[in-house]
Amino acid sequence: HEVEKMFTLKPGRLPQADVKNVIFFVRPKLELMDIITDNVLREDRGRSPQRDFHILFVPRRSLLCEQWLKEQGVLGSFIHREQYSLDLIPFDGDLLSMESESAFKECYLESDQTSLYHAAKGLMTLQALYGTIPQIFGKGECARHVANMMIRMKREFPGSQNSIFPIFDTLLLLDRNVDLLTPLATQLTYEGLIDEIYGIQNTYVKLPPEKFAPKKQGEGGKDLPTEPKKLQLNSAEELYAEIRDKNFNAVGSVLSKKAKIISAAFEERHHAKTVGEIKQFVSQLPHMQAARSSLANHTSIAELIKDITTSEDFFDNLTVEQEFMSGIDTDKVNNYIEDCIAQKHPLIKILRLVCLQSVCNSGLKQKVLDHYKREILQTYGYEHILTLNNLEKAGLLKPQTSGRNNYPTIRKTLRLWMDDVNEQNPNDISYVYSGYAPLSVRLAQLLARPGWRSIEEVLKMLPGPHFEERQQLPTGLQKKRQHGENRVTLVFFLGGVTYAEIAALRFLSQMEDGGTEYVIATTKLINGTSWIKSLMEKLEPAPF
């Protein structure tokens, strides 16, 4: 489309470029409107030819933003004001995300259901491309809402009866607040740990560069790279596809096996005698070199992670998490958490642990809760009182209201805690947290068989309604399942999903007798840190 250059949005003068049209491509957020206003006002009106401005809002126009631009006196500078409806973005062969970071906060704290509307719209687009999904199951308020909007959209556009053979058999809509526990725990899969420690942004990760410097003899490391090493992580890379969903303790053996295979392959070149053999070796070379550099990268990443996972602090933190999840001492003030507060560990780490304890105890006794709150505010500052308030509103850190703790019943019925975990050759999804099976994925697993009727009692203990809807298919499109053919279920997490949950669903897809393949969609890929961060409130200190 002859786009000359792409720039990141930042305040100040726009960069020099010899073009006629400048297009702003933005989310409808007020703080971004200020930057755009600044850009437009600093534009040199005397220059010729004059540049034309256009603005595209993703995923839709906002009256508020346009009003704001109008008040700043720059709305008239934009020739086109349009919206670009980007709902679900494919991140991998089986993974779609809307990447709307504020969806959870908007739904549960601000009762703003815009993101749910976009989810429903995204699902309608998906159905237009891949056929109507005959069965919809859901659990949670937001799930109910999305299903209602889908049914309504279908009614409002009678022309949307498509004649495409359906790819998906079932859609499962799950609210994040049905399972608040899973994101708070530390993920223990390879991909999950990369995300916990370094943060994966849109499939890219930035890593400390010193591990990736090419080793040259006699240099003595005088010019080490300073720019972080940026790598893309997805299943297009063979090795990554193989190890991403394994428990981190099972990754080392795969890497060393691969190393032996690759060095053996390079040794082959000494055995190539004839021209034909040499030619064949040369033709395999690019693939082998790619495999070797991929192995080098992942060995470096695994070393970086191992430095952290073998530290005392990581171990202590994990021990406390696992005690809470298996139901030990969830009802009293925890010594480790108190020590961490006293040593002023990062606040998010504290909040994750305290919220985990609260969720594993169906809320904390008022005395325990007040103690934690007081300690946190006195150590980290009173400006965090709003954050604590948000966590309470979201149901993460709350007083125990009913007077009884439902978590043990839920844990036992859904088998959320497994004592004998096989991390090397797992036989259950609990390997992704070394013992804890993600509640959300357990629900998906039990829905496939024997069905949710078997767990009615527990479903009632979890927040929000559970429901089932059927969508009529035009005659001739009903599936006749061949023997041994898998069902395909689309699991949509409203409010975010972690890499460990994705790994657990992929594990279920690969099970021999599973009979179900899963495709995952979400409003945002999250981990405990990014999730808690999205609920934190910035209180600016007073200027006096």
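A few points about this structure:
- Contour minus Cα-Cα distance for Thr409 and Lys538 (0.36 nm per residue): 42.7 nm
- Surface share of carbon and sulfur [accessible, 1.4 angstrom probe, percent] for segment 49-108: 52
- Reducing segment 292-327 and segment 7-28 to their Cα centroids gives an inter-centroid distance of 41 Å.
- Hits among lysines - C-alpha to C-alpha of Lys20 under 27 Å, sequence gap 8 or more where chains match: Lys5, Lys10, Lys29, Lys70
- Listed residue pairs exceeding 26 Å between alpha carbons, taken from Lys258/Lys533; Lys344/Lys538; Lys206/Lys524; Lys349/Lys524: Lys258/Lys533
- Computed over segment 21-83: relative contact order in percent, which uses C-alpha pairs under 8 Å that are six or more apart: 45
- Treating r as the C-beta distance of Asn202 and Val3 and R0 as 25 Å, the FRET efficiency rounds to 0.80.
- Loop sites in segment 41-109: trypsin sites (Lys or Arg not before Pro), DSSP, at most 11 other Cβ within 10 Å: Arg42, Arg45, Arg47
- Segment 273-323, accessible surface, carbon-and-sulfur percent (1.4 angstrom probe): 60
- Using only side-chain charges placed at the Cβ, +1 for Lys and Arg and -1 for Asp and Glu, the dipole size of the chain relative to its Cα centre rounds to 880 debye.
- Top positive-direction residue, dipole computed over the chain with Cβ charges, set Ala264, Leu494, Val441: Leu494
- Sequence-separation-based contact order of the chain, relative, with Cα cut under 8 Å and 6+ spacing, percent: 20
- Accessible-area value, Cys360, 1.4 Å probe, nucleic acids and ligands omitted, Å²: 0
- Solvent exposure of the chain as accessible area per residue, Å², 1.4 Å probe: 52
- Beta bridges by DSSP in the chain, antiparallel share as percent, to the nearest 5: 30
- Expected 222 nm ellipticity per residue - DSSP helices of 4 or more, -39500 (n - 2.57), all of the chain, to 500: -13000 deg cm²/dmol
- Summary of the geometry: segment 486-537 and segment 145-183, compared by the centres of their Cα atoms, lie 16 Å apart.
The values are calculated or read from the model by the stated rules, or taken from the named source; none is laboratory data. These numbers come from a predicted model, not from an experiment. Quick reminder, even Gly has a Cβ in these numbers, built from the backbone with ideal geometry, and neighbours come from all protein chains shown. What goes into the accessible areas is simple: the full protein's heavy atoms, side chains included, and nothing from ligands, DNA or RNA. Shrake-Rupley method; radii C 1.70, N 1.55, O 1.52, S 1.80 Å.
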